[in-house]
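Note sheet for the following structure.
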Amino acid sequence: MDKHYDDADSQMRKFEERKRLKSVEDKQVSSEVFDDKTLKVLYKLANQGYLQSLNGVISTGKEANVFLGVDDDENNVAVKIYRIVTLDFKKLNEYIAGDPRFKSHGGNKRQLITAWTQKEFKNLSRLYKLGTRVPEPYTAKENVLVMEFLEHNESDASAAVPLHKAKLDNAEEVFEEIIDFMDVCYNQANLVHGDLSRYNILMSYNHPYIIDLSQATLTSHPLSRTLLERDINNIIYDAKKFNVDLSYEYIEDKIKK
């Protein structure tokens, strides 16, 4: 067999070995994340050089898990795997149905999750090209998204911490950067995040990086106004946690100047 395929087979075995988790809860999560089709996707990504191994969980959520991966150049990457079992497909269809970039896939769950993953990839790509602080997206295949790994800082290469766990010395500047992101997102990318909060903002090198862009909608989407209002109110609430006072009018004027 060709050495290239031998290498890919070796990586596949690594992925499978990492499924052998000890606790009952971990085994349940593993079976939800690493189904046979997802393992085949990881195999293809390994074959293409995007992924050499998975080295542990960065974060877990109801819809997706994010793993620390290593690519063929020994660079750390973040690997987001959407969990087919626990996804709310009614919600996915609702968001995709109002986005002309994607067609609705009705009851075909696999096609729908592929569209959802591509939606996050395209939203990240659009925002990254505009210079906003989002992780650089590398590739997306079916329910797997490979993107830039964000580290804590120059002296700590561990994963960047979510804003809700961070200690800020420059809280006012951080929230101004978040508002600037909302401005560029709305006025240049024509997107509304739709679920912006301290739980999906990562602090890397003392700057906020926005993640979880799968549900982000075009400003032409019928839900965009409602989602923008929710984002603004979330940021006002989060800012108070860091003793920063922001008003709805202040943020809205910055965005809709």
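The values are calculated or read from the model by the stated rules, or taken from the named source; none is laboratory data. Owing to the predicted nature of the structure, the values given are computational and were not obtained by experimental measurement. Counting neighbours? That spans all protein chains shown, and the Cβs are built from the backbone with ideal geometry, glycine included. Keep in mind that these areas ignore ligands, DNA and RNA; they rest on the heavy atoms of the full protein, side chains included. Shrake-Rupley method; radii C 1.70, N 1.55, O 1.52, S 1.80 Å.
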Using the heavy atoms of the protein chains alone and a 1.4 angstrom probe, what is the accessible area of region 105-257 per residue in square angstrom?
46 Å²
How much solvent-accessible surface does Ile58 expose, in Å² to the nearest 10, with a 1.4 Å probe and all protein chains in place?
70 Å²
Filter Lys62/Lys129; Lys80/Lys254; Lys141/Lys165; Lys129/Lys256; Lys37/Lys165; Lys80/Lys129 down to the pairs with a C-alpha to C-alpha distance above 27 Å, please.
Lys62/Lys129; Lys80/Lys254; Lys141/Lys165; Lys37/Lys165
Theoretical gain in end-to-end length, Lys62 to Leu218 [0.36 nm per residue, Cα-Cα removed]
53.8 nm
Restricting to DSSP loop positions (anything but H, G, I, E, B) with no more than 13 other Cβ atoms inside 10 Å of their own Cβ, which trypsin sites (Lys or Arg not before Pro) remain in region 138-197?
Lys167
For Ala64, residues with placed amide H under 5 Å, excluding near neighbours
Arg83
Bin by bin, in steps of 5 Å, what percent of the Cα pairs in region 185-257 do you find, going until the bin that has the longest distance?
3, 16, 23, 28, 20, 7, 2, 0
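Test of understanding: what is the full-extension gain from Tyr205 to Asp183, defined as 0.36 nm times their sequence separation minus their Cα-Cα distance? It would help to have the intermediate numbers written out before the result.
On the way: separation 22, 0.36 × 22 = 7.92 nm, distance 2.16 nm.
Stretched out fully, the Tyr205 to Asp183 stretch lengthens by 5.8 nm.
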Within region 200-239, what whole-number % of the accessible surface is contributed by carbon and sulfur, with the 1.4 Å probe and all protein chains included in the calculation?
51 percent
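With a 1.4 Å probe and all protein chains in place, put Leu223, Leu51, Leu202 in order of accessible area, largest first.
Values: Leu223 50, Leu51 0, Leu202 30 Å².
The residues order as Leu223, Leu202, Leu51, largest area first.
Determine the relative contact order of region 120-257: mean sequence separation of Cα pairs under 8 Å and six or more apart, normalised by residue count, in whole percent. Walk me through the numbers before you get to the answer.
Values: 204 pairs, mean separation 34.7, N = 138.
25 percent.
How much of the calculated P(r) for region 107-257 lies past 25 Å, in percent of all Cα pairs? Display every interim value, and only then the final one.
Working: 3217 of 11325 pairs.
Across region 107-257, Cα pairs with separations above 25 Å total 28 percent.
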